[in-house]
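For reference, the structure is listed below as structure tokens.
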Amino acid sequence: MKNLLKHHETYVLLVIIIFSAIITVINPRFLTLENFFDVVKSYSFIGILAVGVTFVLISGGIDISFTAVATVAQYVMAVMIIRYGGNIFTAFLLAAAVGISLGLINATLIYFFNIPTIITTIATLNIYYGILIVISGGKWIYALPGWFRAFADIRLFTLCTDEGIKYGLSIITSIWILVVIIAWVILRYTKLGRGIYAMGGSMNAARRAGFNIFRTQMFVYSFTGLMAGLAGLVQALLVQTVAPNSIVGKELDVIAAVVLGGASLAGGVGTLFGTILGVTLIAIMSNGMTLMRVSSFWYNVFIGLIIILSVAFSAYQRRTKAKRAIAVEVE
Amino acid sequence: MADLFLSMKSVSKRYTGVQALDRIDFEISKGEIHGLVGENGSGKSTLIKIISGVEQPDEGARIEIEGQAFKHYQSIDSILKGIEVIYQDLSLFPNLTVAENISLSQTIASRSRFISWRRVNDIAERAMARIGIQIPLDEMVNDLSIADQQLVAICRALTSDVKLLILDEPTTALTKKEVEALFTVIKDLQSKEITTLFVSHKLNEVLQIAERVTILRDGKKIGTFPSRDLTDERLTFLMTGEKVEYSPYEIEEPQGVPLLEVRRLSKRGNFKDINFKLFPGEILGITGLLGSGRTELAQALFGMNRAESGDILIQGRKITIRSVQEAMSQGIGYVPENRMVQGLVMQQSVANNIVITILHRLINKLKMIDRNKKKDCINSRIEELSIRTPATDAAVQTLSGGNQQRVVLAKWIGTDPKIFIMDGPTIGIDVAAKSSIHEIIRNLAIQGVGIIVISDEVSEVFHNCNRIMVMHKGRIIAEFNTSRTSEEEIQDYINMAS
Ligand SMILES: Nc1ncnc2c1ncn2[C@@H]1O[C@H](COP(=O)(O)OP(=O)(O)OP(=O)(O)O)[C@@H](O)[C@H]1O
Ligand SMILES: [Mg+2]
């Protein structure tokens, strides 16, 4: 019990439960399986991006360019499958390859020129996105192949409401789940994953201990690129259109979700469980407000408030902890 | 002569502006305990970084380990040769658990790409058992005391098949008991043919543990001597080229209104019923073991740790100190014990670190920082404390450990406090610098500043203070007037209490 109270995650979970209770009282439709599956599906896009961002934040860096990477991956993928055909696997491979390549460019710039990651990735965001807009002319793509549409409708299992509306676990959601599991194993059970934590905790100590900083950094940024590529694909599956301007601008939403989940901008801290909770909290807020018929403008205000509360709370916890630490056995 | 474990010939290292090492020849025999001493910035840490392959020496150096010569000696070579270093800054991962920190080298060395948490815990438990300590395995290193962190770093070095263990000032934060335990470990390792290189500014410790001692001065090697041929004084002389003498600090019986008076100050779990007065011109020593409440008391006076009951009076006026700002505005200055983390912005320049506390005083009529004033102030501080830095705009992290500490002192002295609390002002500082810092403390006192020096080295408080209080378990258990006591008497008092 005491151990539970030590974890940031516990408190986020608590907030989620409280919010859910409030929303349910106002609109009971919130706490239905149907709504649940629906929300989870529509947040798999943000969720996958958040996994990538969790990795960079833990490693002690930051990546802003991931939305541009997602957009480029999505666009290239869409153009290619329309022009040359293919199937869902080629779509995956294309999005992944573009994502990884752009991530590697980020990593190379960061490692060799030793520029702060935030500046590097703000620059590459603009470059990637700028080039895409120039080449595509900002045109939207609607004419996605039939198999692409069909894949998005697959459900791993199907349930039915009383009114006869079908719902269930979408294949899109399961991509998110799969990604989370793989990422969790990497972070928790591989040398590489622990190296990411070590690097975020102290770059110098990691170097001295014999971690290969170059390789770890390459992995982190290409992994974030891969996640962005996959997220781009998932978003295309969700909305069945590819619009070059629909993703860029969402960077802060994603980073906010990850930070809410307990990851630190200073590096070295964060868990996937926390990130899932962070995404969940944001999802519930947004969905709950729709269900409660609150104007969506309030959404941003609330997210801002929650972030401030969360950060203030962590600071408070650190302070009380420090207070307890300086105890002397007084006779 | 026994077999050589390590032999280095003509090792030089130049950083921009400093010759950190100048054609050093250095040898360590197999299984010996070798001490390395020298003033701050004499090149000890640099030599260690070269032995561990973290830094490469300049052209012309020859390095042989167990008879094997290396062309490009890298950190991986040293790891494979069983060289383990515990760095001055410990090189731990604050965000990882004790178990993970201890087992990390093993994790990296293992061939498997995956982690077995069972193995991680096993390794950590075995290493701790080896030196007979117990720290909760799943505690974050960040939450440990510095002493415990030092123990974790030592445990980590013991997990591998270590042949040469290098300790760069390992005892700065350890209590006497823990130092003894560490020495037992080193002796025990020696019986297992493990060689140790030991760097410390506590010369008596070096002479106690080391069989031979190598002395560096200004990047040059002065020589290697068997420690039975050395004494504290001789070692000091070899290091500095000067004789350091102590003269006790005595002042006339102070009278009038005390600068600072503390009445029945208490805080649960920190300190209890503290009463004392501090007069202008006094240097008041507070000693006692680690964990006796010294630091907590100091922090209470500086607004970092509010007392629950009792009064604080400054020049006879009762005040409350709720924050560091309030303490500073009352003219209180504080040099913290854990300077490495509380005192400096490591990436920033020496100059900026020095003036950070007094920027408001450097502002001219145009509300801008007066550059000349700033420069003067920085230069005079650097000179006063003889800070060895290649340039005033060098980043603090490139200075040697001891010089970093002087920067912290400089920063606080600059605030012109009326009451100056120094918690361990000379931890990790060499003998010559120690006496120059003591000199500075004295001069401040003579100018009428009231000074509190907190230290666990009895000799330090004895030689510098006119009055000494001994703390134990949160209470003041004794008070001595330096001119009417001896070092031994105070030491005995502390030993008796614990
Ligand atoms: N990375 C660096 N860049 C520039 N100068 C450096 C760097 N590292 C060390 N130096 C300089 O080399 C000299 C030797 O430093 P070193 O850290 O070896 O001293 P030290 O003997 O360990 O001193 P201390 O007892 O204070 O720890 C110092 O003058 C220091 O300023
Ligand atoms: Mg050093």
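The values are calculated or read from the model by the stated rules, or taken from the named source; none is laboratory data. Just so we're clear, the structure is a prediction, and the values are computed from it rather than from any experiment. In this analysis, Cβ positions are derived from the backbone assuming ideal geometry, glycine residues included, and neighbour counts consider all displayed protein chains. The protein model used for the area step is the full one, side chains on, heavy atoms only, and it has no ligands, DNA or RNA in it. Shrake-Rupley method; radii C 1.70, N 1.55, O 1.52, S 1.80 Å.
In the structure shown, do any of B:49/B:163; B:163/B:187; B:176/B:277; B:44/B:187; B:44/B:163; B:221/B:375 have a Cα-Cα gap over 25 Å, and if so which?
Pairs exceeding 25 Å: B:176/B:277; B:221/B:375.
Counting only heavy atoms of the protein chains, get the accessible area per residue of the protein assembly as shown (1.4 Å probe) and round it to a whole Å² value.
Result: 46 Å² per residue.
Nearest-5 percent of antiparallel DSSP beta bridges in chain B?
Around 55 percent antiparallel, to the nearest 5.
Give the carbon-plus-sulfur fraction of the accessible surface of region A:2-330 in %, rounded to a whole number; probe 1.4 Å, heavy atoms of protein chains only.
Within region A:2-330, the accessible surface is 69 percent carbon and sulfur.
Roughly how big is the B-A contact, given as buried accessible area in Å² (both sides, 1.4 Å probe, nearest 100)?
2600 Å²
Ignore the peptide's own chain and count Cβ atoms of other chains within 10 Å of each Cβ in A:189-200; give me the average, rounded.
4
Let's see if you can work this out: charge +1 on each Lys and Arg Cβ, -1 on each Asp and Glu Cβ, no other charges. What is the dipole magnitude of chain A about its Cα centre, in debye to the nearest 20?
Computed charge dipole of chain A: roughly 660 debye.
Along region B:414-420, what does the Karplus equation 6.51 cos²θ - 1.76 cosθ + 1.60 (θ = phi - 60°) give for ³J(HN,Hα), rounded to whole Hz, x for Gly and Pro?
These are the phi-based 3J(HN,Hα) values: x, 7, 6, x, 8, 10, 10 Hz.
For residue B:213, which sequence-distant residues (separation of 5 or more, or a different chain) have an amide H within less than 5 Å of its own amide H, given hydrogens modelled in the peptide plane?
It is B:35, B:225, B:227, by chain and number.
Could you go through region A:198-205 in sequence order and give the Karplus-derived ³J(HN,Hα) for each residue, using 6.51 cos²θ - 1.76 cosθ + 1.60 with θ = phi - 60°, rounded to whole Hz, and x for Gly and Pro?
Going residue by residue, I get 4, 4, x, x, 7, 4, 4, 5 Hz, with x marking Gly and Pro.
Mind running the shape call on region A:2-330? Use the C-alpha gyration tensor, a ≥ b ≥ c as the square roots of the eigenvalues: rounded below 1.5 for a/c, prolate if a/b tops b/c, oblate otherwise.
Because a/c hits 1.5 or more and a/b fails to exceed b/c, region A:2-330 counts as oblate.
Looking at B:451, B:127, B:43, which one has the Cα that reaches farthest to the positive end of the dipole of chain B (charges on Cβ: Lys, Arg +1; Asp, Glu -1)?
B:451
Taking H as built 1.01 Å from N, whose amide H comes closer than 5 Å to the amide H of residue B:421, not counting residues under 5 places away?
Excluding prolines and chain starts, which carry no amide H, the hits are B:333, B:334, B:335, B:452.
Residues with amide H under 5 Å of residue B:115's amide H, sequence separation 5 or more or different chain, H placed in the peptide plane at 1.01 Å from N; which?
Close amide H contacts, sequence-distant or interchain: A:190, A:191.
Find the all-direction average of the projected area of the Cα convex hull for the protein assembly as shown, expressing the result in square nanometres with one decimal place.
So the mean shadow area of the Cα hull is 41.7 nm².
For region B:116-214, which trypsin sites (Lys or Arg not before Pro) are in a loop by DSSP, counting at most 14 other Cβ atoms within 10 Å?
Passing sites in region B:116-214 are B:192.
Pairs of alpha-carbon atoms within less than 8 angstrom and 6+ residues apart define the contacts here; what relative contact order does chain B have, in percent?
Normalised by residue count, the contact order of chain B is 16 percent.
Counting other Cβ atoms within 10 Å, keep those with at most 13, restrict to DSSP loop, and tell me which trypsin sites (Lys or Arg not before Pro) in region A:135-229 are left.
Loop-located and lightly packed - A:139.
Measure off, as a whole percent, the carbon and sulfur share of the 1.4 Å-probe accessible area of region B:260-497, all protein chains present.
48 percent
Which one, A:140, A:196, A:33, projects farthest toward the positive side of the charge dipole computed for region A:2-330 from Cβ point charges (K/R +1, D/E -1)?
Most positive-ward Cα: A:196.
Only protein chains counted, 1.4 angstrom probe. Which residues of region B:261-275 are at least 50 Å² less accessible in the assembly than when their chain is isolated?
The answer is B:269.
Please report the carbon-and-sulfur percent of the accessible area for region B:4-240; probe 1.4 Å, protein heavy atoms only, DNA, RNA and ligands left out.
Accessible surface attributable to carbon and sulfur in region B:4-240 totals 47 percent.
Given the options A:187, A:226, B:417, identify the residue whose Cα lies farthest towards the positive end of the charge dipole of the protein assembly as shown (+1 on Cβ of Lys, Arg; -1 on Cβ of Asp, Glu).
Ranked along the dipole, the leading option is A:226.
Ordered by residue, what ³J(HN,Hα) values in Hz, to whole numbers, does region A:93-107 give under the Karplus form 6.51 cos²θ - 1.76 cosθ + 1.60, where θ = phi - 60° and Gly and Pro are x?
4, 4, 4, 5, 5, 4, x, 5, 4, 5, x, 5, 4, 3, 4
Using only Cα atoms, what is the ratio of the radius of gyration of region B:4-240 to 2.2 N^0.38 Å?
Cα Rg divided by the expected 2.2 N^0.38 Å: 1.01.
Kindly provide the GluC sites (Glu not before Pro) of region B:187-291 that DSSP labels as loop, not H, G, I, E or B, and whose Cβ sees at most 15 other Cβ atoms within 10 Å.
Passing sites in region B:187-291 are B:193, B:211, B:242, B:245, B:250, B:252.
Tell me the relative contact order for region A:2-330 as a rounded percent, counting alpha carbon contacts under 8 Å between residues six or more apart.
In percent, rounded to a whole number, it is 33.
To make sure I understand the rule: partners must be lysines, Cα under 30 Å from the Cα of residue B:374, and not fewer than 8 residues away in the same chain. Which ones qualify?
B:365, B:411, B:418, B:434
Would you mind working out the magnitude of the charge dipole of the protein assembly as shown relative to its Cα centre, with +1 at each Lys and Arg C-beta and -1 at each Asp and Glu C-beta, to the nearest 20 Debye?
Roughly 2320 debye for the protein assembly as shown.
So how much slack lies between residue B:119 and residue B:481, counting 0.36 nm per residue of separation and subtracting their Cα-Cα distance, in nm?
Extra length from residue B:119 to residue B:481 when fully extended: 124.8 nm.
Treating only the Cβ of Lys, Arg, Asp and Glu as charged (+1, +1, -1, -1), what charge dipole size does region B:260-497 show about its Cα centre? Round to the nearest 20 debye.
So the dipole magnitude of region B:260-497 works out to roughly 1100 debye.
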